[in-house]
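Each value in this text was obtained by applying a stated rule to the coordinates, not by laboratory testing. What you are looking at is a predicted structure, and each value in this text was computed from that prediction instead of being measured. Don't worry about glycine lacking a Cβ; one is built from the backbone with ideal geometry, like all the others, and counts go over all protein chains shown.
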There are 4 protein chains.
Amino acid sequence: MAEKYIDELQHRLLMFARDRDWEQFHAPKNIAMALAVEAGELMEHFQWLSEAQSESLGEDKRREIGYELADVFIFTLRLAQRLGVDLPQLVEEKITINERKYPAEKVRGSAKKYTEYE
Amino acid sequence: MAEKYIDELQHRLLMFARDRDWEQFHAPKNIAMALAVEAGELMEHFQWLSEAQSESLGEDKRREIGYELADVFIFTLRLAQRLGVDLPQLVEEKITINERKYPAEKVRGSAKKYTEYE
Amino acid sequence: MAEKYIDELQHRLLMFARDRDWEQFHAPKNIAMALAVEAGELMEHFQWLSEAQSESLGEDKRREIGYELADVFIFTLRLAQRLGVDLPQLVEEKITINERKYPAEKVRGSAKKYTEYE
Amino acid sequence: MAEKYIDELQHRLLMFARDRDWEQFHAPKNIAMALAVEAGELMEHFQWLSEAQSESLGEDKRREIGYELADVFIFTLRLAQRLGVDLPQLVEEKITINERKYPAEKVRGSAKKYTEYE
């Protein structure tokens, strides 16, 4: 399930790494770590905020957090590429799996049991 | 910088959450946590492997890891949506920032200083 | 700053690993990953709860979370040991650093700026 | 299973937070996030290193990493305290559980199956 946007971005990220001789550092194990590190940096912005505060951040803050999200996104694409898996295809499958696992009519109204669903 | 693939996927994920009354749980703070939790699950597959082993995983394992990557990808898109930031635009900017920060001609050959660069 | 409790526990954990030939897997890099994976599992219990809900968990849930905390604690001691650093000494130093960085009289009453402090 | 070292440290950390009016921010959910963020910062030091490199770090680096470990340790004690669980007791139980789950004589020599064990 070739997705042009993802394909092209992955190609650019590969070129970026090759141009810098960085492929040697990008073993899947290491990219997985880097991704988790970025996820931690992303989360740091939220750790002392209430849920309500996290809903109404100013533009600068949202932009700052957005760059962390971009880092996570970039490492996600890189890791998919290094593993040789078709990310858009797996995303499709995962959505289908989730639709079956959490049928809307059954889940709705039992929101307080949300934690048991995911 | 509208990217049709990302836009459509974000729309589907929004509908998925709305159909289940899950929007109430999806404060940015909570999605950031969920993303980090998935990043941890992703990393768990690699923790006791050598870098070399992580380069040569079997198909089943790569698929299993791929689903974790799909989860990270999904939460990344959801969080961008909830924050109201344009993820593809920020990814573009981030790549440009990285190109300037790590000029290929300067970085190459000083690979052992990689850790100082990122 | 020898702390008998920590010393003895670290010794037992070392013996546990040696008895199983696991020292070979316990490079500091890998233990750091394992610790972060456990921190993710710990956090998973809280991701969809409100802060208030997280304050009033039932006994079973608190026990379950407590075991995840124990895992984090165990890997923290193991990593300190593998790095050859004196954890209790560094904890003392860190508390002193924090006391100077966040003087009580200055921090109190400006609670809404908490995020800027940490 | 009162452990004087842990008890006293938890008491000091509680006083530290109270003196700064920080108890209000320290819902278990938030401390769990902060702990995971620190685990990410800890891991960042290792992400591009080989396992061998992580075994032979210089003194400054080990000290720097040690402070991150101290942060993880501090949040672990804080969270146990806020949850009202007896951390040393749970650590004891966890070690016993692991001893039964991974009997030395059975595990040794099947090191390549390590990933299946943990």
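About the Cα centre, and with charges only on the beta carbon of Lys, Arg (+1) and Asp, Glu (-1), how big is the dipole of the protein assembly as shown? Nearest 20 debye, please.
Values: 68 positive and 92 negative charges, 0 e Å.
Its charge dipole is roughly 0 debye.
Placing unit charges on the Cβ atoms only, positive for Lys and Arg and negative for Asp and Glu, gives chain D a dipole magnitude near 380 debye about its Cα centre. Take B:ARG18, move 7 Å from Cα toward the beta carbon, and the resulting point lies 4.3, 4.9, 6.3 nm from the same point in each other copy, nearest first. Given chain B reduced to its alpha-carbon atoms as identical point scatterers, what log10 I(q)/I(0) does the Debye formula return at q = 0.09, 0.16, 0.19, 0.20 Å⁻¹? Debye intensities relative to I(0), on a log10 scale: -0.38, -1.02, -1.15, -1.16.
Scaled against 2.2 N^0.38 Å for its residue count N, the alpha carbon radius of gyration of segment A:4-57 is 1.61.
Which of rounded, prolate or oblate describes the protein assembly as shown when judged by the alpha-carbon gyration tensor and an a/c cut-off of 1.5?
Working: a/c = 1.40, a/b = 1.20, b/c = 1.17.
It comes out rounded by the Cα gyration axes.
When segment A:18-85 is described by a simple charge dipole with +1 on each Lys and Arg Cβ and -1 on each Asp and Glu Cβ, the residue from A:ASN30, A:GLN47, A:GLY66 located farthest towards its positive end is A:ASN30. Relative to the Cα centre, the charge distribution of segment D:1-70, modelled as +1 at Lys and Arg Cβ and -1 at Asp and Glu Cβ, gives a dipole magnitude of about 220 debye. What pairs from A:LYS61/A:LYS106; C:LYS29/C:LYS106; D:LYS29/D:LYS94; A:LYS61/B:LYS94; A:LYS29/D:LYS61; B:LYS29/B:LYS94 go past 27 Å between their alpha carbons? The answer is A:LYS61/A:LYS106; C:LYS29/C:LYS106.
Calculate for chain B the 222 nm mean residue ellipticity that helices alone would give, adding -39,500 (n - 2.57) per DSSP H run of length 4 or more and normalising by residue count, nearest 500 deg cm²/dmol. It would help to have the intermediate numbers written out before the result.
Details: 7 runs with 86 residues, N = 118.
It lands at -23000 deg cm²/dmol.
Among the chymotrypsin sites (Phe, Trp or Tyr not before Pro) in segment A:22-93, none sits in a DSSP loop with a Cβ that has at most 11 other Cβ atoms within 10 Å. Residues D:VAL72, C:VAL91, arranged from fewest to most other Cβ atoms within 10 angstrom of their Cβ, appear as C:VAL91, D:VAL72.
Within 10 Å of each Cβ in peptide B:95-106, how many partner chain Cβ atoms are there on average? Round it to a whole number, please.
3
How far is helix D:4-19 tilted, in degrees, relative to the longest principal axis of the Cα atoms in chain D, given as a value from 0 to 90 rounded to the nearest 10? Here the helix axis deviates by roughly 50 degrees. Across peptide B:53-60, the mean count of Cβ atoms from other chains lying within 10 Å of each residue's own Cβ comes to 3. As a rough guide to protection, the peptides B:28-35, C:80-87, B:3-10 ranked by mean Cβ packing within 10 Å, highest first, stand as B:28-35, C:80-87, B:3-10.
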